[in-house]
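Presented below is the structure to which this report refers.
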Amino acid sequence: MGDDEFLQEALTHVDMVYNLARRMTSSREDAEDLVQETYARALKAWRRERPRHMPPWLATICLNAARSLHRRRKNRPAEVLHGGLLDDLPAAGDTSEQALAELERDAVRRALARLPVEQREAISLMDLCGFTAAQVGKMLGVSRNTILSRVHRGHKRLAVLLEEVVGGEA
Amino acid sequence: MRHDAERRTAAYLAGELSPDEWQRFEDHLLECDDCWAEVDAGRRGLRAVETLRELAPPHLRSAIRQEITSASSEPRRRDRRWLAAAAATVVVVAGTAVAVVAARGPSEPAAITAAIAGYTDDRLPGSDMPKIPAPDLSSLRMTEMGAGAGRLGDMPVTAYAYRDHAGRRLIVYVGTTTFPMPPSAHLFDGREGPWMAQRDGVTALAARAPHQLLIVGEDDDLVHDAAIALDVM
């Protein structure tokens, strides 16, 4: 009964957890492993106590699982993210429009991977997971204002990095 | 207005300004080129990030469902592992310090070495009565087994020992000064964030700055859960 209840509630947030996991790992396969690890840890914690608010609780578990994963691999997230992103390149069957959009997304992924991990975490949690700055601040143990600064500096840096890519291709 | 343009712009783009603040900022944007440029750059970055949003693949939902369903049908599998680990700990502790007191790392601070040794030997740093109540870990079903004030090396601390029904142990050390960080520690959020060090299967996690609380245990997950429960991550 308890585990069913967990499944029912936790699975509604799988897109959020997946988006966070994608930004904390270098491939879809690693992201899927991280999501599964997150849910396994969450179930274990759920059996002990129900969280007051599930989305930030799941995101915090995902961040901790990602850190454990990187520790085990003796790699920092930034190094991993600079690694292979090849599974995101356009597939042979894509139309030219889809292929172009995928190349643009690939440029964004690479630019995002070049940001300091603090900015990348804050941006992922706010822009892709939909948390407020106050929620993200609580998750990461810093103030709301610090999160807002990290997000804005990250956005500006991304814009500059993407302009460099466009400039380099022109 | 320009002084906090960065935060205000981020809050504006995230939709976190109150209606009054939003209107004032919009009015300000019409007459401030600098803030306009901030918003423009921030918006371009935000739009780029939003293109990365995607749905989890359907097979991932199925895999999670399957894993949890099978975990539910074998609910004691992980518990048995913990019980085995706890039994092994009892045997090792009963055999006293021969096998467990590991060599101190070349530059590990004395207080951290003493904290890990205290955990390994299941021994508190002193018997003085604590002046502050024990941190509450009841949400993790951890029961306080003992407490004592004393010293780790030169550092005055109060220590609280916990155990759960499966025999897993934690010691929480509360200092009045900063716990020194070993060179091999992993930083979670820069130098102001928590740090973690591991040696010989024991994890020591220091709370975020001012780093005056240290959680020590063998189960990495449990140490992290305790840090979350105490809101020090």
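Each reported figure results from applying straightforward, stated rules to the coordinates on display, with no laboratory input. All of these numbers come straight from a predicted model, not from anything done at the bench. Neighbour counts run over all protein chains shown; Cβ positions are idealised from the backbone, glycine included.
Applied to the range B:173-189, the Karplus parametrisation 6.51 cos²θ - 1.76 cosθ + 1.60 on θ = phi - 60° returns per-residue 3J(HN,Hα) values of 9, 10, x, 9, 10, 6, 5, x, 8, x, x, 8, 5, 9, 8, 8, 8 Hz, with x for Gly and Pro.
Taking a straight Cα-Cα cut-off under 12 Å and skipping sequence neighbours fewer than 8 places away in the same chain, the aspartates and glutamates within cross-link reach of A:Lys138 are B:Asp231. Arranged from fewest to most other beta-carbon atoms within 10 Å of their beta carbon, A:Ser27, B:Ser62 become B:Ser62, A:Ser27.
To the nearest 0.05, how large is the calculated FRET efficiency for B:Ala37 and B:Asp4 if R₀ is 22 Å and r is the Cβ-Cβ distance? Don't skip to the end; give the middle numbers.
On the way: r = 16 Å, r/R0 = 0.71.
Taking R0 as 22 Å, the efficiency between B:Ala37 and B:Asp4 is 0.90.
Given a Förster distance of 41 angstrom, what is the FRET efficiency for B:His28 paired with B:Glu192, based on the Cβ-Cβ distance and rounded to 0.05? About 0.80, to the nearest 0.05. Report note on the peptides A:101-114, B:11-24: ranked by the mean count of other C-beta atoms within 10 Å, highest first, their order is A:101-114, B:11-24. Annotation: amide H of B:Thr203 within the under-5 Å range of B:Gly217, B:Glu218, sequence separation 5 or more or interchain, hydrogens built in the peptide plane.
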